[in-house]
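Data block below; observations after.
Quick note: the coordinates plus some simple rules give every number you see, no bench work behind them. Quick caveat: nothing in here was measured; it's all calculated off a predicted structure. Heads up, the Cβs are rebuilt from the backbone with ideal geometry, glycines too, and the neighbour counts pull from every protein chain shown.
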Amino acid sequence: MTPFELIEIIYQKTPLPNCDYDTQICFTVSKYLSMDPNESSKVKRIMDYIFYIEPKHYIYLLYLCISKNPHPPYLKITKSKEKKPNKILEKVQYILNWTNREMQVNDKLLSLIFKDEKKWKQELAIK
C-alpha cells in the first residue's frame, strides 16, 4: 500500500486494511498530513509517539485523530502534458543520425538555432 492510498483512507474514513506498516510509511504519511493547515497541530502532537508505539497503532491513532474530509488535500493527480514532436528537430536528428540522448544534450542550442520555424521548414522541406 502506498502512503497516498493510506492518506486517502485516513481522510475518507474508509476501513483500514490489515497490512504490515513500518516506521517509514508512518513518517511519510505524517509529513503529508502535516502539510494540511487544519491538521498540522494534531499531527504534531501525535508525532511524539512515533517511536513508542507500533507503526500499526500509530496509523490507527492518525486515523482516529484526523477529521473526515471527502476531498483529501494534496492528492490531486495531474496529467503531464505531452510535448508535440517538433518536426524540424526530428528532421535534424534524422539528417545528423543523432540518438535521443544527443538531441537532449543539444536541445538548448538547437532551439536557439531553429527559432524562426517558418524559414527552417522551407529550408528543410517540411510541410
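Using a Förster radius of 22 Å, what is the FRET efficiency between ASN100 and GLN122 based on their Cβ-Cβ separation? Nearest 0.05, please. Don't skip to the end; give the middle numbers.
Values: r = 26 Å, r/R0 = 1.19.
Rounded to the nearest 0.05, the efficiency is 0.25.
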- request: Loop only per DSSP, at most 11 neighbouring Cβ atoms within 10 Å: give me the trypsin sites (Lys or Arg not before Pro) in the stretch 1-103, ordered by residue number.
  value: LYS68, LYS76, LYS79, LYS81, LYS83
query: Local charge sum around SER34 (other residues, Cβ-Cβ under 10 Å, Lys/Arg +1, Asp/Glu -1)?
result: +1
field: 222 nm mean residue ellipticity, helices alone, for the chain (DSSP H n ≥ 4; -39,500 (n - 2.57); rounded to 500)
entry: -15500 deg cm²/dmol
- prompt: For ASP20 and LYS83 in the same chain, what is the full-extension length gain: residue separation times 0.36 nm, less their Cα-Cα distance, in nm?
  reply: 18.6 nm
query: Using bins 5 angstrom wide from zero, how does P(r) for the stretch 3-65 break down, in % of all Cα pairs?
result: 4, 19, 36, 28, 12, 2
- prompt: By how many nm would the segment from MET1 to ASN69 lengthen if fully extended, with 0.36 nm per residue of separation less the alpha-carbon distance?
  reply: 22.5 nm
message: For a 22 Å ceiling on Cα separation, which of these pairs sit above it: LYS13/LYS56; LYS81/LYS119; LYS91/LYS127?
response: LYS81/LYS119
- prompt: Can you pull the semi-axes for the chain, root of five times each eigenvalue of the Cα gyration tensor, sorted largest first, whole Å?
  reply: 53, 15, 13
field: Loop chymotrypsin sites (Phe, Trp or Tyr not before Pro), the stretch 1-63 (other Cβ atoms within 10 Å of the site Cβ: 12 or fewer; DSSP)
entry: PHE51, TYR52
